[in-house]
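Student: There's a structure below that I have some questions on.
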Amino acid sequence: RDSQQAATERLSRWKKWRRTSSKSLKKALNEVKGLSSYLVLWHRDIHSIEGKFGTGIQSYFSFLRFLVLLNFIIFILMFSFVILPIIISKYGIFNSTIAYISPKNIEDNCTIYEPSGNKGLVYFYSYLKDLFSGTGFLEVTSLFYGYYTIDAVWISVMRYNLPLAYLLATFAYLALSFLWIMKRSVEGFTQNLVHDADPFQSYCNKVFAGWDFCITDPNAAQLKHRSLLYELQMDLEEEKLKQKIAERTMKEKLRIYSLRIFMNIIVLAILLGCFYSIYRVTVFSQEKSNVSIRNDTRTDSVNLLVQYLPSMVITLANFIGPLIFSFLIGFEDYTPASEIQLTLVRCVFLRLANIGVLLFSLWSQISDCSTDKCKPCGYNYKLYPCWESDVGQEMYKLMIFDFFVILAVALFVNFPKKFLATHCSWKLIQWFGQQEFRISDNVLEIIYGQTICWIGTFFSPLLPAIATIKYFIIFYVKKITLIHTCKPAARPVRASGSNFFFLAVLLIGLILAFIPLGVSIAQIPSSKACGPFRNFNTSWEVVPDTILEFPTGLQQVLFGMASEAFAVSFFMIICIVMFYFMALARAHKRVVEQLREQLVLVRFDPLLTPQRELEGYRN
């Protein structure tokens, strides 16, 4: 310090001022960064959960916060590029007007669309039915696809192409979700690699460098102490299980592998049974609903029950399936992290396939041309005059049902179990009432809901806003349930591996959401009675139609980029780049292994001085 002060005195006034300003700016930025952490959503709540229940459960609430932010950004995107221009033009702001779509070369039968709005005297229960099913007054609002029957919005002399904006906004929110998930996945994967690289290094980091000496609050210090305690418990639990696995005899290995094969057969049978049940119920509901619509033979309540039957069965399968999988996984003798990952994989196939079966049954009815029902329009226009809104209503109902099930489980299952365990001394009731926070089940719930949101946003642009409110409420419901009804896990779970695996499963849900959206946009004919694409055979046709308005040179470039020759060349270049980075990664891995060997030698060889160690690093 004395030498630095002596050197500072010899500097000019300008350099002294620059150095002082730089230090002050860095100090101010660090203070702002420290204060900004308090502005992060649920920062204190998640920090408190980490101290009381460990980093594994904390990772779930951090994951839930990420989905709240993601859905809010998607809502802002859809609102800004689809809904806001319509609001501006309807009120004449900035001298704007609306150009509605006039049907071209379309038969009159295909343009008939009469939403089931409420007419005459309306009872209160009708509004509730419409609110829960997305029909009636909600069907003609901006919540669903059929509302956006607009070709362009003129703002002064500028033409805003709404059909193109609608499609590009869809691609934008899918690309945003993909890039954001990939970014967080890479960060989690890096942390996972660092942790798994050297167990001894992990212990040293926690014991000698795990404490935060900036903590001054006693409560914060207690929370940090508990967090480190849970981390050490996880390390010891995993080391104990690894030692147990290494000491297994051949007889024990055969017994465990045979048991796992048997459990997987049971799981496969449960999955097939759920898929078949949902398929049969969906076909039954579609057939009976169509018959009742044509013959008008059922009351409103019975018809509503038949229409909701697929959603009820899907929700029931989603509720019972994970409970069975969580029970079976306990017999397979995996590590806590492996239990969560394997249970998530099984439940993912169950939940996401349920959505696929529902959409497949809907598309089979929409594209049913067995009796020349869809010759004039290309789809079954008599039963589905605006099929996009019908799909949006199904996604809306699944979202609402999923939310009510989560609330019902918290209120009518978790709290009564805790009440019985607290006020009843029977051992059976005590065992039944003691419950842990099942991370895999809770993560799967929100991944399932997020997949519904990604699929349904094209058919219901305001669905991300509903998902944001839903996850915001679920955070507090889960927090209250965790604190008041759950005990700390007997086998703690590490956050580093969990975070990465949660995002990997979420990425699977996003990739699977691409399939139904791609089929809807590029394959199934768009509705001729509603929506922004009524003058196009499919929604994708708005892209080449817009390109044809560009200059000839630009058209040739864009069509050339869409050709097979360009695709093959681009694929070859990507493969070469990928192989290069794979070779580079292998080289870096070898260097890291050599550096670790040098560090091991430094621990035991006194002749290796720090200077030689530094030279080894430089080499």
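The values are calculated or read from the model by the stated rules, or taken from the named source; none is laboratory data. Computed from a predicted model, the values in this text were never measured in an experiment. Ideal geometry is used to build each Cβ from the backbone, glycine not excepted, and the neighbour counts take in all protein chains shown. Areas reflect the complete protein model, heavy atoms only, side chains present, ligands, DNA and RNA absent. Shrake-Rupley method; radii C 1.70, N 1.55, O 1.52, S 1.80 Å.
Student: Any residue that is touching a residue at least 40 places away in the same chain (Cβ under 8 Å) and open to solvent by less than 70 Å² (accessible area, probe 1.4 Å) - is there at least one of those in the stretch 543-553?
Tutor: Within the stretch 543-553 (the criterion being touching a residue at least 40 places away in the same chain (Cβ under 8 Å) and open to solvent by less than 70 Å² (accessible area, probe 1.4 Å)), the answer is yes, since at least one residue qualifies.
Student: Further, regarding this structure: Of all residues in the stretch 474-507, which are in contact with a helix residue (DSSP H, G or I) (Cβ under 6 Å, 6 or more places away or on another chain), modelled with pLDDT of 85 or more and over 18 Å from Val68 (Cα atoms)?
Tutor: The one that is in contact with a helix residue (DSSP H, G or I) (Cβ under 6 Å, 6 or more places away or on another chain), modelled with pLDDT of 85 or more and over 18 Å from Val68 (Cα atoms): Thr481.
Student: OK, next. Given the condition farther than 29 Å from Thr457 by Cα, open to solvent by less than 40 Å² (accessible area, probe 1.4 Å) and not in a helix (DSSP H, G or I), answer yes or no: does some residue in the stretch 44-59 qualify?
Tutor: yes
Student: Among the residues of the stretch 154-179, write down those that are of a type in the set (A, V, I, L, M, F, W, C) and closer than 22 Å to Tyr113 by Cβ.
Tutor: Matches in the stretch 154-179: Leu162, Leu167.
Student: Which pairs turn up if I take residues in the stretch 40-56 that are under 19 Å from Arg438 (Cα atoms) and without any contact (Cβ under 8 Å) to a residue 24 or more places away in the chain and look for partners that are open to solvent by less than 40 Å² (accessible area, probe 1.4 Å) and assigned to a helix (DSSP H, G or I) with beta carbon separation below 9 Å, at least 6 apart in sequence or on another chain?
Tutor: Matching pairs, first to second residue: Ile46/Gln58; Ile46/Phe61; Ile46/Ser62.
Student: Right, another one. Out of the residues in the stretch 384-424 that are polar (S, T, N, Q) and out of contact with any Asp or Glu (no Cβ under 8 Å at 6 or more places or on another chain), state the one that is least open to solvent (accessible area, probe 1.4 Å).
Tutor: So the residue we want is Asn414.
Student: Which number in (1) modelled with pLDDT under 80; (2) of a type in the set (Lys, Arg); (3) open to solvent by less than 90 Å² (accessible area, probe 1.4 Å) marks the one condition that Lys528 misses?
Tutor: (1)
Student: Hey, among the residues in the stretch 69-84 that are open to solvent by less than 10 Å² (accessible area, probe 1.4 Å) and in contact with a Phe, Trp or Tyr (Cβ under 6 Å, 6 or more places away or on another chain), which one's nearest to Ala504 (Cα to Cα)?
Tutor: This residue is Ile74.
Student: From the list Lys27, Lys33, pick out the single residue that is farther than 23 Å from Gln222 by Cβ, in a helix (DSSP H, G or I) and modelled with pLDDT under 80.
Tutor: Lys33
Student: Assess whether Pro115 counts as being touching a helix residue (DSSP H, G or I) at 6+ places or on another chain (Cβ under 8 Å), in a loop (DSSP other than H, G, I, E, B) and either modelled with pLDDT under 75 or assigned by the TED database to the domain that holds Phe533 (or both).
Tutor: The answer is yes for Pro115.
Student: Also, quick follow-up: Output the qualifying pairs, or none if there are none: Cβ atoms under 9 angstrom, residues six or more apart or on different chains, first residue in the stretch 59-71 and in contact (Cβ under 8 Å) with a residue 24 or more places away in the chain and within 17 Å of Ser177 (Cα to Cα), second residue open to solvent by 10 Å² or more (accessible area, probe 1.4 Å) and outside any helix (DSSP H, G or I).
Tutor: Ser62/Trp42; Leu64/Trp42; Arg65/Val40; Arg65/Leu41; Arg65/Trp42; Val68/Leu41; Val68/Trp42; Leu69/Leu41
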